[in-house]
Amino acid sequence: MGEIQADVGRRRSRDGSLADQLSGAFIGFGAIVGAAAVITAASYAVSWAWLTPAFEHSQRAVQDEAASYSSMLEQEDSLRGYLLTRDVRFLEPYSRAATDAARAHKSPSLFVDPLASAELATLMVRARLAEERWHDVWAKSAANTGPAAVPPSVARGDELFSVYESNHSAFAEALGKRRDRLAAHEQYII
C-alpha cells in the first residue's frame, strides 16, 4: 500500500493538480486574448491614422473630379447653344460652369502627391492640359464670337473635347480604382 501511495504522489507532483492545469490554461488563454487585443488596437490605429484619411481624401477627389467634368459638359452645351442661336443668354451658364470648374480644380482633394502615385499625377496633368487646350483653342473664341462673326469650327471643338473626355475618363477611372483599393484595405484591417 505504501508503494501505491508513493506512486500516486509522484504522479501528482509530475502532472500537477487539476487546479494548476486549469490555472495554466487560463493564463495561456489570457495571453492569447491580450495579444489579440494589442494587434486589434494596432490595426485600428493604422486604419484611423492612415487608411481612413486617405480613403476620405480619395472619395472627395472622385466627387470633385465628377463636379469638374459636369462643369465641362455644361460649358460645352452652353457654347453649342450660343453658336447655334447666337443668344447671349447661353453665355451666362458657360461662365458659371467655368467658375465651378475652376473652383473644383482648386480643391485640395485633387492635388495628388506625385511620390504617392506617379500614375495619378500623370493622368491628372494630361486631363488638365487637354481641358486647357479645349478652352484656349476653341471655347474662348466660341464665347467671344459676335452675332455676325464666323464661329470657330464645331468639328475642331468636338475633336478637342473628345481628347479631354478621353484623358478625363482615364483619370477618373484611376481615382475610382484608388478609392476602391483604399476601401478594401480599410475593410480588410477592420
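The values are calculated or read from the model by the stated rules, or taken from the named source; none is laboratory data. Computed from a prediction, not measured in an experiment: that's the story for all the values here. Note that each Cβ is placed from the backbone with ideal geometry, even for glycine, and that neighbours are counted across all protein chains shown. Ligands, DNA and RNA are excluded from the accessible area calculation, which covers all protein heavy atoms including side chains. Shrake-Rupley method; radii C 1.70, N 1.55, O 1.52, S 1.80 Å.
Annotations for the structure displayed:
Okay, residues lined up against (1) of a type in the set (D, E); (2) surrounded by 15 or more Cβ atoms within 10 Å (Cβ to Cβ):
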| position | (1), (2) |
| --- | --- |
| M72 | no, yes |
| E76 | yes, yes |
| R86 | no, no |
| S95 | no, no |
| A98 | no, yes |
| K106 | no, no |
| T122 | no, yes |
| R126 | no, yes |
| A142 | no, yes |
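- Residues that are open to solvent by 80 Å² or more (accessible area, probe 1.4 Å) and in contact with a helix residue (DSSP H, G or I) (Cβ under 9 Å, 6 or more places away or on another chain), drawn from the stretch 149-158: none
- Candidates V62, V38 - the one that is modelled with pLDDT of 85 or more and either in a helix (DSSP H, G or I) or more than 36 Å from the chain's Cα centre (by Cα) (or both): V62
Table: residues versus (1) out of contact with any Pro (no Cβ under 7 Å at 6 or more places or on another chain); (2) within 18 Å of A97 (Cβ to Cβ); (3) modelled with pLDDT under 90; (4) surrounded by fewer than 15 Cβ atoms within 10 Å (Cβ to Cβ).
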{"site": "W138", "(1), (2), (3), (4)": "no, yes, no, no"}
{"site": "T145", "(1), (2), (3), (4)": "no, yes, no, no"}
{"site": "S162", "(1), (2), (3), (4)": "yes, no, no, yes"}
{"site": "A174", "(1), (2), (3), (4)": "yes, no, no, no"}
{"site": "E186", "(1), (2), (3), (4)": "yes, no, yes, no"}
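- Residues located in the stretch 4-35, provided they are open to solvent by 60 Å² or more (accessible area, probe 1.4 Å), at pLDDT 75 or above, of a type in the set (A, V, I, L, M) and farther than 30 Å from Y188 by Cβ: L18, A19, L22, I27
- The residue list T122, T85 contains one member that is modelled with pLDDT of 85 or more and more than 24 Å from P152 (Cα to Cα), which is T122.
- 1 or more residues farther than 22 Å from F90 by Cβ and hydroxyl-bearing (S, T, Y): qualifying helices (runs of 4 or more DSSP H) within the stretch 110-190: 118-134, 154-189
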